[in-house]
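Structure record follows, encoded as structure tokens.
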Amino acid sequence: MRQIGLKPEIMPSMAEEDVEETQPDRLVLELSRKKAQEVAARYGEDTLVIGADTVVAVQGKILGKPANHKEAVEMLLQLQGQVHQVYTGVTVTAGGTKKTLTSFSACTDVSVFPMTEEEIYRYTESGEPMDKAGAYGIQGKFAAYIKEIHGDYNNVVGLPVGRLYQELKTLGVLEEVRYD
């Protein structure tokens, strides 16, 4: 967010992530809304809250964050040599309310080079994939296995900041942005 001139206070959501939605684009919208509303309830109306959630989908199957090393390996075995989608949902809410000001999702296609089992095990042993949807971070060591992307790189990182900026601008909630 600092890339687009925002100075956020990071406040993790305590919202339960139990949803029944199975369509990735709708799932991330629902989760981002739940997260934004839970955090917004802690603040006054003069606070803008941005909630986001990201999932990876391969051949229609949603991959969240791996629960353990074995699950991370299984996820990467599915992704290697394939094209998959990264979905991020973003919801902007006014603090102290459940009012959604805007909500959107973004999708990026990611192609991964074929990987050997040794490369997968070595990467998962680094610990990097354990807190990431689909068991990888494009901005980290996994960059060595990214063949190409079609769409917003920042979406794959976890927040489509260009789209967020445009949405905030449309809402008229941005002050003059300074890049200091």
**Item:** Cross-link pairs 99/132; 34/98; 35/98 - those with Cα-Cα distance over 18 Å
**Value:** 99/132
**Request:** For the range 5-43, run through the GluC sites (Glu not before Pro) and keep only the ones in DSSP coil with at most 16 other Cβ atoms within 10 Å of their Cβ.
**Result:** 9, 16, 17, 20, 21
**Prompt:** Over all pairs of distinct alpha carbons, what does the Kirkwood formula give as the hydrodynamic radius of the range 65-173, in Å?
**Reply:** 15.2
**Prompt:** Considering amide H positions built from the backbone, and no H for Pro or chain starts, which residues 5 or more places from residue 115, or on another chain, come under 5 Å of its amide H?
**Reply:** 81
**Message:** Using a 1.4 angstrom probe on the protein heavy atoms only, could you order 84, 150 from most to least accessible area?
**Reply:** 150, 84
**Zone residues, the range 52-75, relative to residue 121, backbone N less than 14 Å from point 7 Å out along Cα-to-Cβ** = 70, 73-74
**Theoretical gain in end-to-end length, residue 82 to residue 148 [0.36 nm per residue, Cα-Cα removed]** = 22.7 nm
**Item:** In order through the range 22-39: 3J(HN,Hα) via Karplus (6.51 cos²θ - 1.76 cosθ + 1.60), integer Hz, x for Gly, Pro
**Value:** 10, 7, x, 5, 6, 4, 5, 5, 5, 5, 5, 5, 4, 5, 4, 5, 5, 6
**Request:** Just need log10 I(q)/I(0) for the range 1-111 at q = 0.20 Å⁻¹, Debye formula, equal scatterers on the alpha-carbon atoms, no solvent, rounded to two decimals.
**Result:** -1.05
**Asked** Each residue of the range 63-75 in turn: what ³J(HN,Hα) in whole Hz from Karplus with 6.51, -1.76, 1.60 and θ = phi - 60°, glycine and Pro shown as x?
**Response** 10, x, 8, x, 7, 7, 4, 4, 5, 4, 4, 4, 5
**Prompt:** In square angstrom, rounded to the nearest 10, how much accessible surface does residue 91 have for a 1.4 Å probe?
**Reply:** 0
**Message:** Could you give each residue of the range 107-124 its phi-based ³J(HN,Hα) in whole Hz, using Karplus coefficients 6.51, -1.76, 1.60 with θ = phi - 60°, and x for Gly or Pro?
**Reply:** 10, 10, 8, 10, 10, 10, 4, x, 10, 7, 4, 4, 5, 5, 4, 4, 5, 5
**Request:** Taking trypsin sites (Lys or Arg not before Pro) as candidate sites, keep only those in a DSSP loop with at most 14 other Cβ atoms within 10 Å, then name the longest stretch of the chain containing none of them.
**Result:** 100-177
**Item:** Accessible surface ranking that places the most exposed of 120, 149 first, with a 1.4 angstrom probe
**Value:** 149, 120
**Request:** Of all alpha-carbon pairs in the range 23-75, indicate the percentage at a distance above 13 angstrom.
**Result:** 66
**Prompt:** Non-local amide H neighbours of residue 63 (under 5 Å, H modeled in plane, Pro and chain starts lacking H): which ones?
**Reply:** 56, 57, 58
**Complete:** Any lysines whose Cα falls less than 18 Å from that of residue 7, other than same-chain ones fewer than 8 residues away, would be 169
**Asked** Which of the lysines could be linked to residue 147 by a straight reach, that is with a Cα gap under 18 Å, when you skip same-chain ones fewer than 8 residues away?
**Response** none
**FRET efficiency estimate (nearest 0.05) - Cβ-Cβ, residue 45 to residue 139, R0 30 angstrom** = 0.30
**Request:** Sort all Cα-Cα distances of the range 92-153 into consecutive 5 angstrom bins from zero, then give the percent of pairs in each bin up to the one containing the longest distance.
**Result:** 4, 14, 21, 18, 11, 10, 9, 7, 5, 2
**Request:** May I ask which residue of 64, 144, 111 lies farthest towards the positive end of the charge dipole of the range 58-163, with charges of +1 (Lys, Arg) and -1 (Asp, Glu) on Cβ and the Cα centre as origin?
**Result:** 64
**Request:** Report, ordered by chain and residue number, the aspartates and glutamates lying within cross-link reach of residue 65, taken as a straight Cα distance under 16 Å and ignoring same-chain residues fewer than 8 apart.
**Result:** 16, 17, 18, 53, 74, 125, 128, 131
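The values are calculated or read from the model by the stated rules, or taken from the named source; none is laboratory data. Quick caveat, the model's predicted, so the values are computed rather than measured. In this analysis, Cβ positions are derived from the backbone assuming ideal geometry, glycine residues included, and neighbour counts consider all displayed protein chains. These accessible areas exclude ligands, DNA and RNA; they are computed on the full protein's heavy atoms, side chains included. Shrake-Rupley method; radii C 1.70, N 1.55, O 1.52, S 1.80 Å.
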